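Below is one structure, written out as structure tokens; the observations come after it.
The values are calculated or read from the model by the stated rules, or taken from the named source; none is laboratory data. For clarity, every value in this text was computed on a predicted model and none was experimentally measured. Neighbour counts run over all protein chains shown; Cβ positions are idealised from the backbone, glycine included. Keep in mind that these areas ignore ligands, DNA and RNA; they rest on the heavy atoms of the full protein, side chains included. Shrake-Rupley method; radii C 1.70, N 1.55, O 1.52, S 1.80 Å.
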Amino acid sequence: MAALLKKEFSLCLHPTGALFVLFSAFVFIPNYPYEVMFFFSGLSVFFICLTARENGDAAFTCCLPVGRKEAVLARMSMCALLQAAMWTAAGIFTAIKELALAPEAQLNMAGSTANIAFLGYCALLAGVFNLIFFPLYYRNPQKVGVPFLLAGAAQFLLIALLTAFRFTVPLFRDVLNLPDPANMGAKACAFAVCVQFYAGATALSVHISQKRFPRVDL
């Protein structure tokens, strides 16, 4: 698996995979829908899979002494590592913002305030993308666009819901949207639920993708 993962980073990693990690600095933009950064995380996955298709990576990988299930796990592990890198960077930038700015200056009038609950929302968005994109992609790796459009649309729908909740639902507006360390118990619970969803959705996505890819005629 280590060799396969190295192959993924060496032959399939698109430059945007590293570049978009820096988009986690969006949290410093005043009054911006910060969750959009994780759409770009999904966009980097699209470019990775598109590059792999154009280079004939699926057929090449299947010629190696590895199973198709291991190939799926390697690709998805690389993408999960990139998501984790962006999520970690977002956490670091959020902490810096909280230390540098007064609480009233941290409030986001265009969406969720950057805090621990927001980091949970990022995990939720990544989990939704993984659950939709990869099972569709591994049904036919030659078709990358439709899986990305559906997964990206689902992400934007969720971003729209989170933004609407921030202004209309008291739990989101008055509790989860406040700058840290206010209401840390509730925000930590929201964070934990979202991270658990990400883990479960990604694991389910791996399972479905590993069942579908071996059936593909390359």
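Some notes on this structure:
- Residues being under 20 Å from GLY200 (Cα atoms) and open to solvent by less than 20 Å² (accessible area, probe 1.4 Å) - total across region 135-146: 3
- Filter pass, ALA203 being open to solvent by 20 Å² or more (accessible area, probe 1.4 Å), within 27 Å of ASP57 (Cα to Cα) and part of a helix (DSSP H, G or I): yes
- Looking across LEU64, LEU81, one residue alone is surrounded by fewer than 22 Cβ atoms within 10 Å (Cβ to Cβ) and part of a helix (DSSP H, G or I). It is LEU81.
- Complete set of residues in region 166-177 that are assigned to a loop (DSSP other than H, G, I, E, B) and either open to solvent by 60 Å² or more (accessible area, probe 1.4 Å) or free of Cβ contacts under 8 Å to residues at least 40 places away in the same chain (or both): VAL169
- Residue list for region 135-157, restricted to those being within 24 Å of ALA192 (Cα to Cα) and either outside any helix (DSSP H, G or I) or of a type in the set (S, T, N, Q) (or both): GLN155
- Test: residue in region 42-62 that is among the polar types (S, T, N, Q), within 21 Å of ASN140 (Cα to Cα) and modelled with pLDDT of 90 or more: yes
- Check on ALA192, surrounded by fewer than 14 Cβ atoms within 10 Å (Cβ to Cβ), touching a helix residue (DSSP H, G or I) at 6+ places or on another chain (Cβ under 8 Å), touching a residue at least 24 places away in the same chain (Cβ under 8 Å) and of a type outside the set (S, T, N, Q): yes
- All conditions in (1) buried (at least 19 other Cβ atoms within 10 Å of the Cβ); (2) part of a loop (DSSP other than H, G, I, E, B) hold for ILE132, with the sole exception of (2).
- From ALA160, ALA153, residue being more than 21 Å from ARG75 (Cα to Cα) and within 15 Å of the chain's Cα centre (by Cα): ALA153
- Scan of region 178-200 for residues that are small (Gly, Ala, Ser), assigned to a helix (DSSP H, G or I) and more than 20 Å from the chain's Cα centre (by Cα), ordered by number: GLY185, ALA186
- Inter-residue pairs, beta-carbon under 9 Å, first in contact (Cβ under 8 Å) with a residue 12 or more places away in the chain and in region 22-38, second among the basic types (Lys, Arg), 6+ apart: VAL27/LYS97; PHE28/LYS97
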